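Notes follow the structure.
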Amino acid sequence: MSSFATKIEDPSNARTLHRRLFAALPWLLLVIALGALAATREVENSGEVDGYPAVAERLVAGELASDGFHPFGVPVAIAGLMAVTGLGAFRAGILLSALAAAALVAAGATLAERLRPGARGPATWLLAVNATVWTQGVTASADMPSAAALLGALALAARPAPTFARLLGVGALLGLCFAMHASLLAAALGVLGVIAWFTGPRRALPPLLIGAAVGFLPQLVPSLLGGESVVGANWLSTYAKVELGFDGERLAELQRSDALPSALEFLRADWRLVLRAGGADLVTATDVVLPNLLLGRPDAVASVGWWLPIGALVGLLAAAQRRGLALALALLALLQTALVCITFHPMGRVLLPTLTLLLVGLAIAFAHARADRPAIAIVFWLALAAMLAFGIERARGFVAAEPRAEVALAQQLPRRVDGPIAVLSTYGRLGRYVDYPCIRLHWTREPNGADREPDWDALRARLERSGASVLLVGHRTRANLFAKLRRDPPPSDFRVLHSDDDVVAFEHVPPAADEAVAATVSPTSAQLGQPIELRLALAAAVDRATLGSVGVALRRPDGTQVLLDIAADAGGGYCRSIVPDQPGVWTVRPVLVHRDGSIARGGDVRFAIED
């Protein structure tokens with residue numbers, strides 16, 4: 001006991017203890033922020049639109065589900081955490097991102113120390129109080145885990161005298177990074193090539209390639225088993241951006257009709273448009289998105305603009321003691337930002353690797369300035385306090401942005417609407433919380449980047465094309481359209497189901513049908529493969545001798561339509577059995593065609609098919 005007291009009383013030991021406690025403070029702040037935010041999460045938000053938790057649930061159930069865009073790496077990791085922890089897919093996805101956020105901070109701080117001794121502390125603080133690190137650290141998506149894998153590979157590769165085991169680990173992290181996020185392929189290949197060049201290809205390539213192959217297994221194995229391309233079809237994101245204004249509904253129609261060009265045909269015809277759109281997005285990323293990510297406060301960006309990310313890159317290059325490594329990291333940040341802007345859109349969450357490298361640049365610039373001017377520490381701590389305050393404000397906005405009101409209303413709709421229900425919604429994950437079909441109302445963009453909001457006629461057409469009967473629009477998921485629908489009175493064929501400051505819902509009520517014919521279906525809800533009976537009832541006033549044909553217009557969930565003739569049975573009734581081949585909401589409209597060419601149409605009847 002006396003020996004322990006003596007050690008504590010020793011001034012050098014006390015200073016060491018104080019330094020260690022102080023070094024633990026940013027980590028404590030990070031854990032508190034991630035824990036508090038994770039505890040508030042209730043429903044999937046717009047950052048989780050890729051649907052990885054749902055894919056993980058299907059993997060656990062033994063099903064391979066892929067849309068061709070998103071790799072399997074993150075769903076496989078979520079499924080593994082579900083098996084180990086017993087958590088649901090959503091919570092397991094949040095846990096994965098939280099662990100990755102801690103790994104990202106550690107990797108960024110290690111990289112800063114490799115570039116300039118003494119920069120680990122400032123880098124840890126800058127990363128640990130950054131609002132984007134907090135919010136993406138509790139988002140069940142691929143962005144934080146893939147960024148952590150890339151930065152982990154960089155930090156491991158930056159150590160001197162690389163060994164076989166270390167190169168193996170670098171390769172595994174780079175392979176895992178691509179298995180999680182297709183947009184990081186070029187970055188992963190670039191890092192691998194640079195390491196091989198400086199270490200010596202004959203020495204470095206075998207462990208790097210073996211490790212990359214192992215790290216890529218979470219994408220490779222499910223893709224091969226499911227008959228999918230191992231590299232996916234991520235180029236369709238670029239096609240949708242350049243040709244369709246991000247209209248996902250139109251893209252799905254082109255895929256169904258097999259009318260899409262090949263990737264090579266698209267690039268050969270439209271490479272100028274791709275570069276032009278990418279250049280415009282790169283300006284936005286530099287002048288708006290990256291300053292916002294660095295500061296955590298959008299209203300401060302206008303007074304800062306492009307010079308903050310450019311200044312961080314200059315700091316990275318000027319203050320680093322290992323100039324070659326700093327140059328490689330600066331080029332990587334520029335390359336990754338440019339590729340995101342050219343192939344997709346500069347969303348903050350996709351630019352996490354660039355954000356981390358910029359914060360590392362600011363950290364080593366401060367470490368360099370502090371050596372000559374100790375008073376600069378005051379400026380650093382004031383800036384850090386402002387970033388912390390901005391981060392707390394942004395975290396509150398992140399929590400408030402969850403579309404909880406939309407989910408709550410959607411769960412009440414079956415009690416407000418008669419018969420089978422299907423909803424066209426601005427919240428793409430609504431189907432996770434209700435047991436009826438939900439179709440996402442895809443958004444498109446104007447050439448200047450602004451959202452293009454549909455009018456009532458366009459909304460009516462989308463409802464009819466999708467087979468949905470209810471339109472649900474939330475302030476959290478589509479603020480401009482929400483304000484427009486709250487302001488403009490609906491047409492006579494739309495009935496207001498709900499309207500408040502958070503969400504609006506309308507039921508589409510088509511005009512009264514011809515009373516000459518009516519349709520009934522049985523059952524109104526069935527499993528895929530189960531037969532459905534269609535029965536038509538003709539009014540007594542109908543002269544059957546004048547009929548040329550009797551049938552139905554049958555609209556599938558994918559929007560395609562077929563005409564089915566229904567012959568009269570021995571009793572004079574009209575009945576036909578069908579076996580639906582698609583899950584979703586089907587629409588039946590009875591049609592009578594008279595010999596004189598006149599047509600009578602009955603009212604729509606819907607039935608739901610579950611997969």
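General remarks:
- Here the sum of -39500 (n - 2.57) over DSSP H runs of 4 or more residues, divided by the residues of the chain, equals -17500 deg cm²/dmol at 222 nm, to the nearest 500.
- Using the Cβ-Cβ distance between ALA39 and THR163 with R0 = 45 Å, the FRET efficiency computed as 1/(1 + (r/R0)^6) comes to roughly 0.60.
- Computed extension gain for ARG250 through GLU464, at 0.36 nm per residue and net of the alpha carbon distance, reaches 75.5 nm.
- The stretch 56-209 shape via C-alpha gyration tensor axes, a/c threshold 1.5: oblate
- Sequence-distant contacts, meaning Cα pairs under 8 Å at least 6 residues apart, place the relative contact order of the stretch 460-578 at 21 percent.
- A prolate overall shape is assigned to the stretch 169-230, the ratio a/c of its alpha-carbon gyration tensor axes (a ≥ b ≥ c) being 1.5 or greater and a/b exceeding b/c.
- Extent of the stretch 444-600 along its three principal axes (Cα atoms, max minus min coordinate, largest first): 60, 35, 31 Å.
- Three-way shape label, the stretch 332-385, alpha-carbon gyration tensor, a/c 1.5: prolate
- Total formal charge among the other residues, if their Cβ is under 15 angstrom from that of LEU167, Lys/Arg +1 and Asp/Glu -1: +4
- All-pairs Cα distance distribution in the stretch 512-593, expressed in whole percent, bin size 5 Å: 3, 14, 26, 25, 16, 10, 5, 1
- Average Cα contact separation per residue, the chain, under 8 Å, 6 or more apart, as relative contact order %: 11 percent
- Dipole of the chain, positive direction: furthest Cα of ILE532, VAL289, GLY419, with charges on the beta-carbon: VAL289
- nm² value of the averaged projected area, convex hull over the Cα atoms of the chain: 34.9 nm²
- For the chain, a simple Cβ point-charge model (Lys and Arg +1, Asp and Glu -1, everything else neutral) yields a dipole of about 2560 debye relative to the Cα centre.
- Cα lying deepest toward the dipole's positive end in the chain, options VAL579, ALA318, VAL399, charges on Cβ: ALA318
- Quarter of Cα convex hull surface for the stretch 155-310, i.e. mean projection, nm²: 12.8 nm²
- Accessible surface comparison of ASP281, ASP604, probe 1.4 Å, protein chains only, largest first: the order is ASP604, ASP281.
- Given a 1.4 Å probe and the protein chains as shown, MET347 ends up with an accessible area of around 60 Å².
- Take the Cβ atoms of ALA24 and ILE578, set R0 to 45 Å, and the FRET efficiency comes out at 0.10.
- FRET efficiency for the ASP502 to LEU564 pair, using the beta carbon distance and R₀ = 41 Å, is estimated at 0.45.
- Residue-normalised convex hull volume from the C-alpha trace of the stretch 103-189: 88 Å³ per residue.
- The stretch 84-141 pair-distance distribution - Cα-Cα, 5 Å bins, rounded %: 4, 21, 23, 18, 13, 10, 7, 3, 1
- Straightening the chain between THR16 and VAL230 buys 72.0 nm, computed as 0.36 nm per residue apart minus the Cα-Cα spacing.
- Here the stretch 319-419 is treated as an ellipsoid with the same Cα gyration tensor; its semi-axes, largest first and in whole Å, are 43, 22, 6.
- Our estimate of slack between ILE378 and VAL314, defined as 0.36 nm per intervening residue step minus the Cα-Cα distance, is 20.9 nm.
- Area of TRP271 that stays accessible when all protein chains are in place (1.4 Å probe, Å², to 10): 120 Å²
- The stretch 85-216: relative contact order in percent, alpha carbon pairs under 8 Å with at least 6 residues between: 24 percent
- Computed over the alpha-carbon pairs of the stretch 487-549, the distance histogram in 10 Å steps reads 15, 25, 27, 25, 7, 1 percent, short to long.
- Heavy atoms of THR286 accessible to a 1.4 Å probe, total area in Å² rounded to 10: 40 Å²
- Accessible heavy-atom area order of LYS241, LYS484, highest first, probe of 1.4 Å: LYS484, LYS241
The values are calculated or read from the model by the stated rules, or taken from the named source; none is laboratory data. Just so we're clear, the structure is a prediction, and the values are computed from it rather than from any experiment. Quick reminder, even Gly has a Cβ in these numbers, built from the backbone with ideal geometry, and neighbours come from all protein chains shown. For the accessible areas, the whole protein counts, side chains as well, though only heavy atoms, and no ligand, DNA or RNA atoms are used. Shrake-Rupley method; radii C 1.70, N 1.55, O 1.52, S 1.80 Å.
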